[in-house]
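Right, one structure below, let's go through it.
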Amino acid sequence: MTAEPASPPAAIRVDLGAVFVSLELSKSIWLVTSLSPGSEKMSRHSVPGGDLPALLACLNLLREKAEAREGRLYPVIVIQEAGLDGFWIHRALEAEDWITSHVVDAASIAVSRRHRRAKTDRIDGETLVRTLMAWMRSEPRVCSMVRVPAVDDEDRRRIGRERKALIEERKRHVNRIKGLLFSVGVRGYEPTRRDRRERLDELRTGDGRQLPAHLKAQLSRELDRFELVNEQIKAVETERDAQCAKVDGTAPQAMLKAIKGIGAEFANILASEGLFRQFDNRRQIAAYAGLAPSPWRSGSIDREQGVSKAGNPRLRTMMIQLAWLWLRHQPGSALTRWFYERISHSGGRGKKVAIVALARKLLVALWKYATSGVVIEGAVMGKA
């Protein structure tokens, strides 16, 4: 009896037109995985984290080895995952005329679906190289490459993001002050009022005593931090308004602000987080905001899992808030009439589902209005 001969391992293409490189980035070490023309093995090299000259020297060495083996100087194509390092490495690599850099969304790469799959930097580096080669062959649905924003577009986002972080910090201070007072029986104290300092001196505990000295000192320091955050929020808003005043009337930010119910903050977030880039159709912009549907259809199973939540979380959150405000400030618009007609046939949770659908429709309508000038049906314009 003879056993069946084992099938030979699949060969790796060696007739490559470039040196394919993947970067696994961490704070201490950058792992460089490469596949060069004329070689069937992937090579791995490590450079210190953050050392850009060492990375460029490593890529140049790979290029020189391929030239010595094949007698030809090849370009280098690099891929990395979007992560903590941002886009500065990508921009530095793109500045070299012999390097083409790509940034990939890590969640879009297909991986093993085993419950306990092996995951190491070595495996991830090889996976990125294979994904890059498949993407360069124009295979469909291999991965989703990130469209890196320009430096000015990326910097413009910081105003809205900083304001949101400061608002969350202010909430934490308010809740901490209220919690400290609640522990001694004091209710109804509002730190956001202008007379917060005067009212603090008048407070009495639940059993009629004055506030303890250390508790009062702690509350005073919390109020100092609260007031500092308030000043920083005002400074950020002043900077945002000054930026809005510089744009002309045809800019998306100015056009959005002209609609009743959309203020300076919503217009700034929409312009900086969503409308700064080019979209080909409504499905793309809905997917970018994470408001695209996620169907589950297999055999006899056909159900909807809700929105994907895979896009920009700041844009998605803002659009849900704007959808509720749209119902209040634009009661005569076609979108508002569609919403109330939709929820008239369903109650309870159907209203929450419909508001998400309204947010998606509203985002598409605002995109068409800001980019092509298509006026939203029934929308009322505010003061210019």
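The values are calculated or read from the model by the stated rules, or taken from the named source; none is laboratory data. These numbers come from a predicted model, not from an experiment. As a convention, Cβ positions derive from the backbone with ideal geometry for all residues, glycine included, and neighbour counts pool all protein chains shown. Note: areas computed on protein heavy atoms with side chains; ligands, DNA, RNA excluded. Shrake-Rupley method; radii C 1.70, N 1.55, O 1.52, S 1.80 Å.
Taking the C-alpha atoms of region 13-72, how large are the radius of gyration and the largest Cα-Cα span, Dmax, in Å?
11.9, 36
For a quick check: with amide H placed at 1.01 Å from N, whose amide H comes under 5 Å from S333's, ignoring anything fewer than 5 positions away on the same chain?
Hits under the 5 Å cutoff: none.
Going out from 0 in 5 Å bins, what whole percent of all Cα-Cα distances in region 252-372 drops into each bin?
2, 11, 21, 23, 20, 13, 6, 3, 1, 0
Roughly what angle does helix 52-70 make with the longest principal axis of the chain, taking Cα atoms, 0 to 90 degrees, to the nearest 10?
Once rounded, the angle reads 20 degrees.
Among the aspartates and glutamates, select those whose C-alpha is under 19 Å from the C-alpha of K41, and discard any that sit fewer than 8 residues away in the same chain.
Partners within reach: D15, E24, E64, E67, E70, D121, D124, E126.
Output the Kirkwood hydrodynamic radius of region 19-145, Cα pairs only, in Å rounded to one decimal.
Result for region 19-145, one decimal place: 15.0 Å.
Using the heavy atoms of the protein chains alone and a 1.4 angstrom probe, what is the accessible area of region 19-145 per residue in square angstrom?
56
How long are the semi-axes of the equivalent ellipsoid of the chain, defined as square roots of 5 times the Cα gyration tensor eigenvalues? Whole Å, largest first.
49, 30, 24
Using only the heavy atoms of the protein chains and a 1.4 Å probe, how would Y74, Y340 rank by accessible area, largest first?
Result, largest first: Y340, Y74.
Based on Cβ point charges of +1 for Lys and Arg and -1 for Asp and Glu, what charge dipole magnitude is obtained for region 151-246 about its Cα centre, in debye rounded to the nearest 20?
Using only the charged Cβ atoms, the result is roughly 380 debye.
Using the crude model of +1 on Lys and Arg Cβ and -1 on Asp and Glu Cβ, and no other charge, please compute the dipole size for region 252-372 relative to its Cα centre, in debye to 20.
Rounded to the nearest 20 debye, it is 180 debye.
Give the carbon-plus-sulfur fraction of the accessible surface of the chain in %, rounded to a whole number; probe 1.4 Å, heavy atoms of protein chains only.
Heavy-atom surface of the chain belonging to carbon and sulfur, 1.4 Å probe: 51 percent.
Note down the magnitude of the dipole of the chain about its Cα centre, charges +1 on Lys and Arg C-beta and -1 on Asp and Glu C-beta and zero elsewhere, to the nearest 20 debye.
1860
Mind checking the angle between helix 121-136 and the chain's longest principal axis? C-alpha axes, 0 to 90 degrees, to the nearest 10.
It works out to around 80 degrees.
In whole angstrom, how far apart do the alpha carbon centroids of region 221-290 and region 159-188 sit?
Result: 23 Å between the Cα centres.
Using only Cα atoms and rounding to the nearest 10 degrees, what angle (0 to 90) does helix 349-372 make with the longest principal axis of the chain?
Once rounded, the angle reads 70 degrees.
Can you find, among V21, W98, Y340, the residue farthest towards the positive end of the dipole of the chain? Put +1 on the C-beta of Lys and Arg, -1 on that of Asp and Glu.
Toward the positive end, the furthest listed residue is Y340.
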